[in-house]
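A.B. asks: Sharing a structure here in structure tokens format.
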Amino acid sequence: MNLISKFAVGLIALPLLGFSANAADGVRIEHLGTNNTLVRVDGDAHYLMLPVQESYDDATVNVVVDGKLERTIYVRLAKSKVDYAVPLDLSPYKGHEVVLNIVTSQNRSTVREAKEDACWSNFQLIDTIDVANREKYRPAFHHTPIYGWMNDPNGMFYKDGEWHLYYQWNPYGSKWQNMTWGHSSSPDLVNWKHHPVAIEPNGLGSVFSGSSAIDTENSAGFGKDAVVSMYTSAGVSQAQSLAYSLDNGETFSIYPGNPVITLESEARDPNMFWNSDTKEWTLVLAHALDHEMLIFTSPDMKEWTLQSSFGKGLGAQDGVWECPDLFELPVDGTDRKKWVLLCNINPGGPFGGSGIQYFVGDFDGKTFTADKDADGNVPTKWLDYGKDNYAIVSWSDAPDNRRTTIGWMSNWQYAAEVPTKQFRSANTLPREISLFTGNDGQIYAASTPSPELSALRGPKIVDTKSFNVKGKGKTIALPTENDGVCEILMDVMPGKSDSVTLTFSNDSGEKSILTYAPQQETLSFDRRESGIVDFSQDFPAVTVAPTFNGGHTLPLRIFIDRASMEVFANDGKGVMTNLVFPTTPYTKLTVSAEGAGAKIKNLKIYSIKN
């Protein structure tokens with residue numbers, strides 16, 4: 001997706017700006033000991049660039065303004081080399097004395113040794129920053145932060161024609177730390193505008209995940225139509241806090257009565273919504289280590305009553321339970337409605353690391369009851385069968401009763417090690433959730449690309465009505481423009497074949513392989529030779545999704561970006577999201593069949609607009 005910057009801030013490789021080897025004018029370094037240094041900012045500039053080396057531990061950077069501690073941030077300050085630099089915005093402190101009181105964690109035997117750290121000669125004062133992308137794997141059409149680390153999507157809401165997306169963001173490096181709510185907005189889920197940070201850490205701790213809702217009746221007393229957000233304040237312990245916005249989510253005020261929910265054990269990621277049936281607010285809170293979800297109600301978003309818990313002993317119980325979402329949907333082809341409880345877990349996903357399980361059932365306003373299968377058990381169901389979709393939650397107040405979701409496109413097994421530095425992590429494409437009935441009588445969730453995504457399509461490169469394939473296969477050229485990003489649609493008619501294979505490859509022999517096995521009703525994704533895979537032992541993998549199609553014709557819709565493939569089979573009944581890092585873009589699609597011939601119909605390949 002196109003990213004439109006609202007403010008000139010970026011993550012910069014220092015040599016690109018021609019920085020000198022000595023600290024800039026206006027920056028004074030005073031070493032107080034082997035692990036304590038003062039950086040005095042005497043110059044008049046917009047940003048102080050902080051030099052980062054990712055392989056080292058965080059330094060504690062206390063920002064002192066006029067002798068008072070203003071904030072504390074954590075930065076991997078460079079010791080032996082500078083990987084990149086991150087900006088500290090000095091504009092709020094203009095006209096004041098600014099000192100960074102820095103405590104480093106690396107052991108040094110003498111002050112002389114400490115003085116040799118690379119960071120001290122590379123602090124720089126700058127007024128404007130070049131935000132040009134310097135990453136070959138930055139997506140062309142997925143939302144990413146301008147720079148730095150991103151994980152869970154947070155607090156999303158739709159209001160006055162704009163989709164607002166907040167996210168867990170580290171403004172001071174491309175690994176997890178300094179959790180704040182970053183903010184982007186879009187009129188169409190395709191073009192995104194970045195905004196200044198929305199909610200920052202305070203005395204109660206970092207700002208972890210949460211949700212937002214529009215208070216149309218002013219039940220909280222913050223103002224009619226205020227955007228009210230609840231998030232986890234993560235300090236020594238975790239508690240739930242409120243913030244509110246009176247300018248459509250642009251700026252937030254922190255509720256002075258925080259925290260509004262405290263427990264004696266770890267709980268996080270509050271997700272709240274207005275229940276029109278019970279005329280009160282409902283909140284689902286992840287009781288992370290207890291593998292359950294807690295359900296609260298409130299008349300005013302401030303005073304919450306615990307009503308019930310759900311989940312102990314049910315579903316996948318590994319790791320921690322996180323990022324819940326609870327909503328009601330119609331069941332396709334029926335006059336029934338059912339409730340869906342999303343439960344993101346890590347680790348314990350179907351193919352290792354992170355994953356999204358969900359439960360279908362009934363909710364009476366206080367208690368969620370999951371449906372059981374024919375054997376009387378609550379089945380484990382997965383929303384995505386790839387390795388790289390996590391923390392998925394939905395927008396509140398989406399138009400036309402849509403249940404529109406977005407996820408974090410990575411996996412905690414290797415998110416900090418993927419081969420990027422200017423930024424780390426993208427979001428999945430926005431998706432619509434619906435319910436269908438499987439052949440076993442169970443109700444399942446389907447996930448399809450949001451309709452707005454058709455606007456991404458550029459010229460149609462391939463438009464073929466049908467062709468037959470056998471063992472040798474047929475090869476089709478993929479688009480070469482814009483690093484080969486594209487959308488592919490086709491219907492796979494397996495006939496009597498044992499399997500039909502789609503191989504996406506380049507001239508370097510790197511390949512990602514999709515295999516449809518009609519007898520097993522499965523679609524697999526093999527990325528073991530997809531490109532760069534050696535940054536983590538957990539990255540090379542084969543993932544397998546059910547197709548729910550009885551082994552018949554399989555409709556496929558595939559989105560290929562510079563570092564990802566999202567596969568939607570059988571109208572989203574089987575979905576796989578997987579990162580891939582080919583050293584050069586895939587240029588060929590080869591389709592083959594084993595056991596007998598097969599047919600491909602309605603093959604269309606669209607380039608993606610730049």
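A.B. asks: Which pairs turn up if I take residues in region 344-358 that are on the phi > 0 side of the Ramachandran plot and open to solvent by 10 Å² or more (accessible area, probe 1.4 Å) and look for partners that are assigned to a loop (DSSP other than H, G, I, E, B) and of a type in the set (S, T, Y) with beta carbon separation below 9 Å, at least 6 apart in sequence or on another chain?
C.D. replies: These pairs meet every condition: G348/S354.
A.B. asks: Given (1) touching a strand residue (DSSP E or B) at 6+ places or on another chain (Cβ under 7 Å); (2) over 29 Å from G249 (Cβ atoms); (3) crowded, with 18+ Cβ neighbours inside 10 Å, where does S394 come up short, assuming only one miss?
C.D. replies: Every condition holds for S394 apart from (2).
A.B. asks: Does any residue in region 484-496 that is over 11 Å from V462 (Cα atoms) come within less than 8 Å, Cβ to Cβ, of a residue that is outside any strand (DSSP E or B) and β-branched (V, I, T) six or more places away or on a different chain, and which pairs are these?
C.D. replies: Pairs that qualify, where the first residue is over 11 Å from V462 (Cα atoms) and the partner is outside any strand (DSSP E or B) and β-branched (V, I, T), are G484/T587; D491/T553; V492/T553; M493/T553; P494/T553.
A.B. asks: Among the residues of region 107-121, write down those that are touching a residue at least 60 places away in the same chain (Cβ under 8 Å) and open to solvent by less than 30 Å² (accessible area, probe 1.4 Å).
C.D. replies: R108, A114, A118, C119, W120, listed by residue number.
A.B. asks: G155 passes all but one of (1) part of a strand (DSSP E or B); (2) open to solvent by 10 Å² or more (accessible area, probe 1.4 Å); which number fails?
C.D. replies: Every listed condition holds for G155 apart from (2).
A.B. asks: Using the structure shown, decide if Y137 is in a loop (DSSP other than H, G, I, E, B), open to solvent by less than 30 Å² (accessible area, probe 1.4 Å) and over 18 Å from V190 (Cβ atoms). If you could, list the steps in order and put the result at the bottom.
C.D. replies: Details: in a loop (DSSP other than H, G, I, E, B): yes; open to solvent by less than 30 Å² (accessible area, probe 1.4 Å): yes; over 18 Å from V190 (Cβ atoms): yes.
Criteria met by Y137.
A.B. asks: Going by the structure shown, is L554 over 28 Å from G438 (Cα atoms) and open to solvent by less than 10 Å² (accessible area, probe 1.4 Å)?
C.D. replies: Against the criterion (over 28 Å from G438 (Cα atoms) and open to solvent by less than 10 Å² (accessible area, probe 1.4 Å)), L554 does not qualify.
A.B. asks: Does any residue of region 75-95 turn out to be of a type in the set (K, R), open to solvent by 50 Å² or more (accessible area, probe 1.4 Å), in contact (Cβ under 8 Å) with a residue 60 or more places away in the chain and under 30 Å from V418 (Cα atoms)?
C.D. replies: Within region 75-95, one or more residues are of a type in the set (K, R), open to solvent by 50 Å² or more (accessible area, probe 1.4 Å), in contact (Cβ under 8 Å) with a residue 60 or more places away in the chain and under 30 Å from V418 (Cα atoms).
A.B. asks: Can I ask one more? If you go through region 533-544, how many residues are under 21 Å from the mean Cα position of the chain (by Cα) and touching a residue at least 24 places away in the same chain (Cβ under 8 Å)?
C.D. replies: 7
A.B. asks: Every residue in region 289-314 that is of a type in the set (G, A, S) and crowded, with 21+ Cβ neighbours inside 10 Å, please.
C.D. replies: G311, the sole residue that qualifies.
A.B. asks: Can you pull out every residue in region 510-567 that is closer than 21 Å to G352 by Cα and either among the basic types (K, R) or touching a helix residue (DSSP H, G or I) at 6+ places or on another chain (Cβ under 8 Å) (or both)?
C.D. replies: R527, R528, F535, S536, listed by residue number.
A.B. asks: Can you confirm whether G365 is among the small types (G, A, S), more than 21 Å from A239 (Cβ to Cβ) and either touching a Leu at 6+ places or on another chain (Cβ under 8 Å) or open to solvent by 20 Å² or more (accessible area, probe 1.4 Å) (or both)?
C.D. replies: On the way: among the small types (G, A, S): yes; more than 21 Å from A239 (Cβ to Cβ): yes; either touching a Leu at 6+ places or on another chain (Cβ under 8 Å) or open to solvent by 20 Å² or more (accessible area, probe 1.4 Å) (or both): no.
Spelling it out, it is not the case that G365 is among the small types (G, A, S), more than 21 Å from A239 (Cβ to Cβ) and either touching a Leu at 6+ places or on another chain (Cβ under 8 Å) or open to solvent by 20 Å² or more (accessible area, probe 1.4 Å) (or both).
A.B. asks: OK, next. For region 438-459, name all the residues that are among the charged types (D, E, K, R) and not in a loop (DSSP other than H, G, I, E, B).
C.D. replies: E452, R457
A.B. asks: When you scan region 472-509, how many residues do you find that are open to solvent by less than 20 Å² (accessible area, probe 1.4 Å), within 21 Å of H142 (Cβ to Cβ) and assigned to a strand (DSSP E or B)?
C.D. replies: Looking only at that region, the number is 4.
A.B. asks: Just one of F504, F535, F568 is closer than 21 Å to K381 by Cβ, out of contact with any Cys (no Cβ under 9 Å at 6 or more places or on another chain) and of a type in the set (F, W, Y); which is it?
C.D. replies: F568
A.B. asks: In region 212-239, which residue that is open to solvent by 10 Å² or more (accessible area, probe 1.4 Å) and among the polar types (S, T, N, Q) is nearest to W304 (Cα to Cα)?
C.D. replies: S219
A.B. asks: Further, regarding this structure: I'd like the residue in region 517-531 that is within 16 Å of M576 (Cα to Cα) and more than 28 Å from the chain's Cα centre (by Cα) and, out of all such residues, is least open to solvent (accessible area, probe 1.4 Å).
C.D. replies: A517
A.B. asks: Right, another one. Given the structure, is G365 small (G, A, S) and either modelled with pLDDT under 95 or under 29 Å from T278 (Cβ atoms) (or both)? Walk me through how you get there before you give the answer.
C.D. replies: On the way: small (G, A, S): yes; either modelled with pLDDT under 95 or under 29 Å from T278 (Cβ atoms) (or both): yes.
Spelling it out, G365 is indeed small (G, A, S) and either modelled with pLDDT under 95 or under 29 Å from T278 (Cβ atoms) (or both).
A.B. asks: Hey, could you check region 532-548 for residues that are assigned to a loop (DSSP other than H, G, I, E, B) and open to solvent by 20 Å² or more (accessible area, probe 1.4 Å) and say which is farthest from G495 (Cα to Cα)?
C.D. replies: Among them, the one singled out is F535.
A.B. asks: Quick check on region 263-272. Is at least one of its residues part of a loop (DSSP other than H, G, I, E, B), buried (at least 21 other Cβ atoms within 10 Å of the Cβ) and among the aliphatic types (A, V, I, L, M)?
C.D. replies: yes
A.B. asks: Quick check: anything in region 373-384 open to solvent by less than 20 Å² (accessible area, probe 1.4 Å), of a type outside the set (A, V, I, L, M) and either at pLDDT below 95 or closer than 28 Å to L189 by Cβ (or both)?
C.D. replies: At the first step, the residues of region 373-384 found to be open to solvent by less than 20 Å² (accessible area, probe 1.4 Å) are 381, 383-384.
Imposing the further condition that a residue be of a type outside the set (A, V, I, L, M) reduces the set to 381, 384.
Now restrict to residues that are either at pLDDT below 95 or closer than 28 Å to L189 by Cβ (or both): 381, 384.
The answer is yes; a qualifying residue exists.
A.B. asks: Would you confirm whether or not region 305-313 contains a residue that is without any contact (Cβ under 8 Å) to a residue 12 or more places away in the chain and outside any loop (DSSP other than H, G, I, E, B)?
C.D. replies: yes
Here's the yes/no breakdown for (1) crowded, with 24+ Cβ neighbours inside 10 Å; (2) on the phi < 0 side of the Ramachandran plot; (3) among the β-branched types (V, I, T):
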position	(1), (2), (3)
N401	no, no, no
T404	no, yes, yes
W408	yes, yes, no
W412	no, yes, no
A416	no, yes, no
K421	no, yes, no
N427	yes, yes, no
F436	no, yes, no
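A.B. asks: Please tell me if Q168 is under 21 Å from N346 (Cβ atoms) and surrounded by fewer than 19 Cβ atoms within 10 Å (Cβ to Cβ).
C.D. replies: On the way: under 21 Å from N346 (Cβ atoms): yes; surrounded by fewer than 19 Cβ atoms within 10 Å (Cβ to Cβ): no.
Taking the combined requirement at face value, the residue does not satisfy it.
A.B. asks: For region 564-587, how many residues are more than 27 Å from Q519 (Cα to Cα) and either in a strand (DSSP E or B) or open to solvent by 30 Å² or more (accessible area, probe 1.4 Å) (or both)? Don't jump to the end; show me each part of the working.
C.D. replies: Of all residues in region 564-587, those more than 27 Å from Q519 (Cα to Cα) come to 564, 579-587.
Those still in the list that are either in a strand (DSSP E or B) or open to solvent by 30 Å² or more (accessible area, probe 1.4 Å) (or both) too: 564, 579, 583-585, 587.
Qualifying residue count for the region: 6.
The values are calculated or read from the model by the stated rules, or taken from the named source; none is laboratory data. This structure is a prediction, so every number in the text was calculated from the model and none was measured. So basically every Cβ, Gly included, is an ideal-geometry build from the backbone, and we count neighbours across all protein chains shown. Note: accessible area is taken over every heavy atom of the protein model, side chains too, but ligands, DNA and RNA are not part of it. Shrake-Rupley method; radii C 1.70, N 1.55, O 1.52, S 1.80 Å.
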